[in-house]
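Q: Here's a structure for you.
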Amino acid sequence: METNAEPAELVYHLRPADPGAHVFTVTLRVDQPDPDGQVFSLPAWIPGSYLVRDYARHVLSIVGNSETGPVLLKKLDKSTWQADPVHGPLVIKAEIYANDMSVRGAYLDGRQAFVNGVCLFFRVHGQEDSRCILHIDPPARVAEDEWQLATSLRRQTGTDGGFGAFAAADYDTLIDQPVLLGALTSREFKVAGVPHRIHLAGRHEADLDRIVADLAIVCGWHADLFGGVLPMDRYNFLVTVLNKGYGGLEHRDSSALICARGDLPRAGATGVSSGYRKFLGLASHEYFHLWNVKRIKPAAFSPYRLDRENYTRQLWLFEGITSYYDDLALLRSGLVSTDSYLELLGRSLTRVYRSGGRRRQTLEEASFDAWIKFYRQDENAPNSILSYYTKGAMVALCLDLELRLRTAGQVTLDFVMRALWAEYGEGGESLPEGGFERFAEEVSGVSLQEFFRQMLRSTVDPPVGILLAQFGVRLHLRSADSGDDLGGQPAKLDRPRPWLGIGTQNRHDRVLIKHVLADGPAAAAGISAGDELIAIDDVRVTPVNLEKILQDLDIGASARLHVFRRDELLTGSVEVLRPPRDTVWLSLDDDADEESLARRAQWLG
């Protein structure tokens with residue numbers, strides 16, 4: 001007979017079993033397994049990072065048991081198992097390797113741990129809507145009070161910051177609430193009345209009081225942008241501090257961040273250093289995702305299919321618009337100056353103009369092919385692909401300025417995003433392909449078909465310089481000063497840097513050619529990515545002297561390059577050319593007319 005009984009809970013138990021070997025033990029109890037044999041699996045990718053990573057490859061061992069004894073588990077494919085039929089509860093126990101210290105993986109050692117649920121928690125097919133209980137134990141041979149625990153999962157047992165049991169409404173919620181463990185330093189602050197916390201794992205001497213004060217400001221700005229009411233009742237910044245590192249991944253009620261120790265301000269420091277600005281921009285970016293992608297979602301992600309690629313042409317919208325607002329929020333909230341913001345914007349535009357792939361790939365194609373191109377970059381990436389982050393941010397900038405111009409400042413991208421939240425946010429339907437274009441036209445009253453055709457479906461560069469000029473901002477293009485020149489500032493050298501059309505990387509005391517630009521002189525001379533650069537004009541090349549050697553070359557002359565390709569010594573003659581003008585810096589045009597200056601003031605706040 002049919003019943004209306006709610007599905008039974010799924011109970012998970014996570015144990016940091018062997019920190020030295022980076023091994024977690026995960027136990028799952030299914031009280032009402034499928035009578036035909038329960039199927040279960042691990043996800044193949046994590047939302048927010050669009051690459052099939054096959055997390056099941058880290059499963060070291062897996063066994064099944066029931067009340068009557070062992071249960072045979074049959075592997076169906078690379079990520080999926082099926083248990084033999086059993087009467088009563090089914091218990092699955094697995095050992096899983098965790099040594100990926102990134103925001104998209106799982107990590108465990110004797111000092112700290114980070115857990116993304118996609119790496120460790122099995123999906124029980126047919127019971128994805130069941131409530132999940134997660135018990136987390138402290139690692140063996142570590143006193144329970146030596147480690148703290150931070151997560152946005154609902155606590156069921158234990159004290160604040162301690163180990164215990166946690167609950168999730170369903171499987172999607174379980175895997176979208178990461179856990180940070182270790183000797184954490186934490187601070188709490190509030191935004192729009194909602195508790196926020198930042199938790200840091202790793203050695204640092206950061207001024208947490210200053211960081212939480214600044215995060216409260218920028219998070220408050222984002223909250224105000226979307227109406228002042230936050231869509232969650234708590235939020236956690238889970239930060240792993242390393243000697244070097246950078247990365248972030250958004251979650252529904254938290255974000256996972258990795259930063260360099262030197263990027264965090266120390267007590268007594270004044271001003272906003274470039275490293276701290278980078279950290280604030282990262283936190284701002286992931287926080288904006290609370291609305292844009294975690295709740296305003298593409299239809300292709302509703303629901304997520306975690307065993308395969310989920311294709312959408314809208315990643316430019318969800319990452320590009322977010323990338324536009326992350327630094328803009330720092331300016332509008334008063335954390336950075338106008339000059340600092342223009343430097344950041346110039347660097348972002350520089351990354352677009354230096355991409356040869358922008359001539360081959362449209363923004364929609366870049367979004368659709370993220371699974372096989374953007375997240376699988378090789379030595380030819382500079383020639384073949386486009387970043388939907390940076391080009392998407394450029395298009396967001398152009399859309400914002402275009403709307404302001406064509407509506408005399410009455411409609412802005414801020415206005416469109418607030419309306420989008422009201423229509424497609426919490427509780428609304430997902431955004432269909434092409435839905436944003438139609439929606440922006442509808443709420444603005446502006447015809448945007450040609451704008452979006454050029455921006456999204458052609459390889460023509462957006463007219464960003466023309467638009468900026470009408471807001472009292474000048475766009476300047478120059479050549480790069482060096483291989484480390486990120487743009488955003490005027491040139492520092494009096495003469496252009498001679499150009500060979502190569503990018504290099506250092507490996508110990510060797511210089512390897514990382515990429516060769518398709519339209520450059522090195523490509524014409526037959527130089528290949530992967531070659532080891534030995535000498536230029538008979539002078540040995542090292543990581544220390546390479547830049548000096550390049551600066552001393554004469555533009556218009558030829559240079560003799562000696563390289564090793566595998567174990568063969570090759571020599572080629574390369575024409576030294578004037579470098580391309582692909583580096584952007586922006587300046588305020590205070591001689592602009594009053595109308596342009598008024599637009600600038602409204603735009604930059």
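Where a number appears in this text, it was derived from the coordinates with a stated rule and is not lab data. Everything numeric in this text was worked out from a predicted model, so none of it was measured. Using ideal geometry, Cβ is built from the backbone for each residue, glycine included, and neighbour counts are taken over all protein chains shown.
Q: Could you give log10 I(q)/I(0) at q = 0.07, 0.10 Å⁻¹ for the chain, computed by the Debye formula over C-alpha point scatterers of equal weight, without solvent?
A: Log10 I(q)/I(0), no solvent term: -0.50, -0.99.
Q: Oh, and also: 7 Å from Cα along Cα→Cβ at both Ala535 and Thr27: what's the point-to-point distance in nm?
A: 6.7 nm
Q: Ok, one more. Taking the Cα centre as origin and putting +1 on Lys and Arg beta-carbons and -1 on Asp and Glu beta-carbons, what dipole magnitude results for the chain, to the nearest 20 debye? Spell out each step's value before the answer.
A: Values: 66 positive and 82 negative charges, 197 e Å.
Rounded to the nearest 20 debye, it is 940 debye.
Q: Binning every alpha carbon pair distance of the stretch 306-374 at 10 Å from zero, what are the percents per bin?
A: Going out from 0 Å in 10 Å bins, the stretch 306-374 shows 18, 39, 28, 14, 1 percent.
Q: At what distance in nm do the modelled label points of Asp84 and Leu405 sit from each other, each positioned 7 Å from its Cα along Cα→Cβ?
A: Each label point lies 7 Å from its Cα, and together they span 7.2 nm.
Q: What Kirkwood Rh does the stretch 184-275 have if only Cα atoms enter the pairwise 1/r average? Answer in Å. Working shown, then result.
A: Values: mean 1/r = 0.0724 Å⁻¹.
Hydrodynamic radius (Kirkwood, Cα pairs) of the stretch 184-275 is 13.8 Å.
Q: If I model a spin label as a point 7 Å beyond the Cα along the Cα-Cβ vector, how far apart are those points for Glu9 and Arg305 in nm?
A: If labels sit at Glu9 and Arg305, their model points lie 3.3 nm apart.
Q: Which one of His562, Ala535, Leu512 has its Cα pushed farthest toward the positive end of the charge dipole of the stretch 502-578, where Lys and Arg give +1 and Asp and Glu give -1 at the Cβ?
A: Leu512
Q: Continuing with this model, one more query. Rounded to two decimal places and with Rh computed the Kirkwood way over Cα pairs, what is Rg over Rh for the stretch 502-578?
A: Details: Rg = 11.4 Å, Rh = 12.4 Å.
With Rg and the Kirkwood Rh in hand, the quotient comes to 0.92.
Q: Helix 390-406 against the longest principal axis of the chain: what's the angle in degrees, Cα atoms only, rounded to the nearest 10?
A: With rounding to tens, the tilt is 70 degrees.
Q: For Asp54 and Ser587, compute 0.36 nm times the residue count separating them, minus their Cα-Cα distance, and round to one decimal in nm. Spell out each step's value before the answer.
A: On the way: separation 533, 0.36 × 533 = 191.88 nm, distance 4.65 nm.
187.2 nm is the gain from fully extending Asp54 to Ser587.
Q: Moving on. Whole angstrom only: what separates the Cα centroid of the stretch 33-75 from the Cα centroid of the stretch 109-176?
A: Rounded to whole Å, the Cα centres lie 18 Å apart.
Q: What is the calculated FRET efficiency for Leu604 to Ala491, with r their C-beta to C-beta distance and R₀ = 30 Å, to the nearest 0.05?
A: Values: r = 25 Å, r/R0 = 0.82.
So the FRET efficiency works out to roughly 0.75.
Q: Arrange the peptides 148-159, 232-243, 356-367, 390-401 so that the one whose residues have, on average, the most other Cβ atoms within 10 Å appears first. Can you show the working numbers first?
A: Numbers: 148-159: 17.8, 232-243: 19.7, 356-367: 21.4, 390-401: 24.9.
Descending mean neighbour count gives 390-401, 356-367, 232-243, 148-159.
Q: Taking just the C-alpha trace of the stretch 10-182, give me its Rg and Dmax in Å.
A: Cα-based Rg and Dmax for the stretch 10-182 come out at 15.4, 45 Å.
Q: Let me ask something else. Report, ordered by chain and residue number, the lysines lying within cross-link reach of Lys93, taken as a straight Cα distance under 19 Å and ignoring same-chain residues fewer than 8 apart.
A: Within reach: Lys74, Lys75, Lys78.
Q: To continue, here is another question. About the Cα centre of the stretch 502-578, how large is the charge dipole given +1 on each Lys and Arg Cβ and -1 on each Asp and Glu Cβ? Please answer in debye to the nearest 20.
A: 200 debye
Q: Give me the extension gain from Ala192 to Ala269: residue separation times 0.36 nm, minus the current Cα-Cα distance, reported in nm with one decimal. Show your work: numbers first, answer last.
A: Numbers: separation 77, 0.36 × 77 = 27.72 nm, distance 2.79 nm.
Taking Ala192 through Ala269 to full extension adds about 24.9 nm, to one decimal.
Q: Once you have the Cα-Cα distance between Asp378 and Arg565, take 0.36 nm times their residue separation minus that, and quote the gain in nm to one decimal. All intermediate terms of the calculation are to be shown ahead of the outcome.
A: Values: separation 187, 0.36 × 187 = 67.32 nm, distance 1.75 nm.
Roughly 65.6 nm would be gained on extension.
Q: Counting other C-beta atoms within 10 Å, which of Glu67, Glu128, Glu95 has the fewest, and how do the rest follow? Before the final figure, lay out each step's value.
A: Values: Glu67 10, Glu128 15, Glu95 18.
In increasing order of surrounding Cβ atoms, one gets Glu67, Glu128, Glu95.
Q: Compute the FRET efficiency between Asp554 and His476 as 1/(1 + (r/R0)^6), taking r as their Cβ-Cβ distance and R0 = 22 Å, and round to the nearest 0.05.
A: On the way: r = 26 Å, r/R0 = 1.18.
Efficiency, rounded to the nearest 0.05: 0.25.
Q: Enumerate by residue number the GluC sites (Glu not before Pro) in the stretch 370-463 meeting two conditions: DSSP loop (anything except H, G, I, E, B), and at most 15 other Cβ atoms within 10 Å of the site's Cβ. Write out the running numbers ahead of the final one.
A: Working: sites: Glu379, Glu402, Glu423, Glu426, Glu429, Glu433, Glu437, Glu441, Glu442, Glu450; in loops: Glu379, Glu426, Glu429, Glu433.
Those that pass, being in a loop and sparsely packed, are Glu379, Glu426, Glu429, Glu433.
Q: Sort Thr542, Thr322 so that the residue with the fewest other Cβ atoms within 10 Å of its own Cβ comes first and the one with the most comes last. Don't skip to the answer; put the middle values down first.
A: Values: Thr542 13, Thr322 23.
Neighbour counts put them in this order, fewest first: Thr542, Thr322.
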